[in-house]
């Protein structure tokens, strides 16, 4: 029984306030054990998060009196200590994973300190590349969603910085396309092999990122001169979107069946704006958006109804 | 949507009351599930709002390019027509698929009323009051999820416009406390409000989500120093009020967790105050924490996720803006961080014993 059921039942019955309260407490609200678990993870995350940020700020301060040997030694010792804590067997896995996440951030701090001393620049792409490479094993072993998210963020940042600093010939459409392919591959891999063990919020965040890049790339491509890269991106997006929709139908997942059509609606809107002129065009665009979104919702609702009946 | 058998199975679960019999109207319940617009999946809600918003923005662009915005009277006339059409659409069809269209009509209507009034040289204050009154009147006609949610946001937008146009930034401190208080009331009194079967019970879900968005937006205004020149003179008011609310929440939580030991309770209150002390200059952090706690309590996922995101953002902003050297910031952050780790270590064992009981 969900909150929705209690709300509807209460409206059409003589359920008293006390009984509604009891139903909500028993069936909807979090119980004592959930509170204990939440408080533990919350405190530990806050503790590790703030401490690690403090350490980041400490090295960012770039204390001139500190010898470079001390600086590197200090950052390495903190890293070593936190890694040891992450494998301390007495704590439960979630807590150790939170510490491992902190340690993964500290790897970045170590590289930053190195960059600070040898003047390699704080935002050089190779700094992020090294950070990404050196935490790969931990990410794989820890298999903790927030750690994976940090990893993907680092990969995306590395690509963007590489495009800015080294590959200056890369067009925006190509960069968006590349980031789309990387993130989409991750989503496809998870959906194919490890969906049951990975939390929904992580998959949907990465999928939203991928869809966002595809939408951005194609919209930019529509307004730019047509290039081969744009055609390739269109083909990639088409294949991925068909796969995503098919997967949505198969697994009865409303996320893909709403996010993908909405992205397509934005792309078509961009094309409409580009290809027609005059004030009537915006009226057409307005009607198109409302009509297509309504159609998407109608299809989605019909599907949900069908799935409920099948269940 | 549920089938008759599902509903009967669900009703079986509910134990009969101590006195009298348990009366329910099965047909109405079945009908309610068929037309239920209150509990659509998040994706449908987001699609409706974004679709409606984008559609109305394109329409507004059309009005501007076509030069139709020049006549105040006609804008006002069409605006009211659009709002009426949105309400009529809902009354007539009462279908979720009409949501995008009615939301778009509703927003277009309000934009036209607003621009129309401005064209007629009416003051911003007048426009805001007109919008608030029109929203309140339309809410008595429809209690559909989407329209009610958008209505709450329109009222919030009008209040913010009033505050910003008069540069009465101190009022924001009163306003955020009022929003936090309302959210707290809605969260703690859900059963009471739902049981009342009054207008508020029908508006419960959209009102709560609308207030949540409004509260977080006011906190964002307060969080950035120098943003809209919000004066820091009265910031203590927000901080103290929000800290008091967190303490009240902890009080309720301790009752719920059945922690009766007076010494432990006093220690917990003191530690809470100690932890919240550095946030006196940033009520936004305390506000986001309150959102996290309230949302976790009532199992409101959207609120919980938003609360976490804003909490991290406000903490980052607070330290970024702080006017001290990086070294002092570092010491401050590490001390707070280690305080929480120590708190974890201290309470982990205690909690474990409680948990196992």
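Computed from the coordinates by the stated procedures, all read-outs in this text should not be read as laboratory data. Remember, it's a predicted structure, so these values are computed and weren't measured experimentally. As a convention, Cβ positions derive from the backbone with ideal geometry for all residues, glycine included, and neighbour counts pool all protein chains shown.
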| query | To the nearest whole number, what is the average tally of beta carbon atoms from other chains within 10 Å of the beta carbons of peptide B:10-16? | reply | 4
| query | Quick one, what does Rg over Rh come out to for the protein assembly as shown if you take C-alpha atoms and the Kirkwood Rh? | reply | 0.97
| query | How fast does the stretch B:108-201 diffuse by Stokes-Einstein, in µm²/s, taking the Kirkwood radius from C-alpha pairs at 4 °C and 1.567 mPa s? | reply | 87
| task | Among B:89, B:345, B:254, determine the one that fluctuates most according to a GNM of chain B built with springs between C-alpha atoms less than 10 Å apart. | result | B:345
| note | Mean-square fluctuation maximum in Gaussian network of chain B, Cα pairs under 10 Å, restricted to B:145, B:169, B:185, hits B:185
| request: Take the alpha-carbon positions of chain B, form their convex hull, and give its projected area averaged over all directions (one quarter of the hull surface) in nm². | output: 23.1
| field | the stretch B:227-298-the stretch A:228-252 distance, computed between alpha-carbon centres (Å) | value | 47
| request: Compute the separation of the alpha-carbon centres of the stretch A:288-311 and the stretch A:179-194 and state it in Å as a whole number. | output: 26
| request: Return A:19, A:11 ranked ascending by Cβ neighbour count within 10 Å, so the fewest neighbours appear first. | output: A:11, A:19
| message | So the label point goes 7 Å from the Cα of residue B:120 along Cα→C-beta, right? Which residues of the stretch B:133-151 then have their backbone N under 17 Å from it? | response | B:133-135
| message | Let's test this: bin the Cα-Cα distances of the stretch A:36-112 at 10 Å from zero up to the farthest pair and state each bin's percent. | response | 19, 47, 24, 9, 1
| query | Measuring from centroid to centroid over Cα atoms, what is the spacing of the stretch B:95-125 and the stretch B:161-184 in Å? | reply | 23
| request: Output the Cα-based Rg and Dmax of chain A in Å, rounding Rg to one decimal and Dmax to a whole number. | output: 24.9, 76
| Looking only at other chains, what is the average number of their beta-carbon atoms within 10 angstrom of each beta-carbon in A:137-149? | 0
| task | Convert 25 °C to kelvin, take the viscosity as 0.890 mPa s, use the Kirkwood radius over C-alpha pairs of the stretch A:151-217 as Rh, and evaluate the Stokes-Einstein diffusion coefficient in µm²/s, rounded to a whole number. | result | 197
| Using only the Cα atoms of the stretch A:65-161, what do you get for the radius of gyration and for Dmax, in Å? | 14.1, 41
| query | Taking chain A as a Gaussian network, where each spring joins two C-alpha atoms under 10 Å apart, which residue of A:165, A:250, A:116 fluctuates the most? | reply | A:250
| request: Could you please rank B:99, B:323, placing first whichever residue has the fewest other Cβ atoms within 10 Å of its Cβ? | output: B:323, B:99
| field | Per-residue [θ]222 nm for the protein assembly as shown (sum of -39500 (n - 2.57) over DSSP H runs n ≥ 4, rounded to 500) | value | -27000 deg cm²/dmol
| field | Neighbour-count ranking [beta-carbon atoms within 10 angstrom, fewest first] of A:133, A:9 | value | A:133, A:9
| task | Report the dimensions of the stretch B:267-357 along its three principal axes from the alpha-carbon atoms, largest first, rounded to Å. | result | 48, 31, 18
| note | Diffusion coefficient in µm²/s returned for the stretch A:171-311 by Stokes-Einstein, Kirkwood Rh over C-alpha pairs, 25 °C and 0.890 mPa s, is 151
| field | Averaged over A:32-44, number of beta-carbon atoms from partner chains that fall within 10 Å | value | 6
| request: Give, in nm to one decimal, the length gained when the segment between residue A:231 and residue A:308 is fully stretched (0.36 nm per residue of separation minus the Cα-Cα distance). | output: 23.8 nm
